[in-house]
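What follows is calculated from the coordinates using simple rules that are stated; it is not laboratory data. These numbers come from a predicted model, not from an experiment. Neighbour counts run over all protein chains shown; Cβ positions are idealised from the backbone, glycine included.
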C-alpha cells in the first residue's frame, strides 16, 4: 500500500490548504511554475500568480479542508486525487467537490501543475447559474 504522506503533494495540500500555511507556497513552488487550470493566460505566473488564486479562494471560503484520497508518484511526476470541502463566506453554504492535481517536480519544487477541479459543481452548489460565452 502506498504511503501518501511521503509525497510532495500530500505536504502541499496538508500545509498550504488544510493548515493555511501560505509560506509553504514559497518553499514548494518554483518561481517560474505555471499552474494550468489556475493561472490566467494573461495573468501573473509562478508564486505570485498562485498566491493571487490562493488568497482569492481564502477570501471567498472558510473552513477549507482538502482530503487527499490518494497520490501516485513516479519519477518526477505526482498526481493527487482530492476532495475539497469549504463554506462560502458570503452565504454560509457548504460546498464539496473533487479534483485531480498532476505536478512535475524539479529540485524538490513544483515546476508545472495541471489542475482539474469540478468548479462547475461548486458553483452549482452555490446556486450560481453559469452561461456559455458568446463567441464572435
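Below are the figures for this structure:
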quantity	calculated
For segment 73-136: rounded, prolate or oblate by the Cα gyration tensor [a/c cutoff 1.5]	oblate
FRET efficiency estimate (nearest 0.05) - Cβ-Cβ, residue 133 to residue 26, R0 35 angstrom	0.50
Principal-axis tilt of helix 46-60 within the chain, Cα atoms, nearest 10 degrees	40 degrees
Highest-first arrangement of 17-27, 91-101, where packing means the average Cβ count within 10 Å	91-101, 17-27
For log10 I(q)/I(0) by the Debye sum over Cα atoms at q = 0.10, 0.13, 0.18, 0.19 Å⁻¹, calculated from these coordinates, the label among (i) -0.34, -0.57, -1.08, -1.19; (ii) -0.35, -0.60, -1.24, -1.39; (iii) -0.31, -0.51, -0.93, -1.03	(i)
Where labels lie 7 Å past Cα in the beta-carbon direction, separation of residue 41 and residue 123 in nm	1.8 nm
Difference of contour (0.36 nm per residue) and Cα-Cα distance, residue 62 to residue 98	11.3 nm
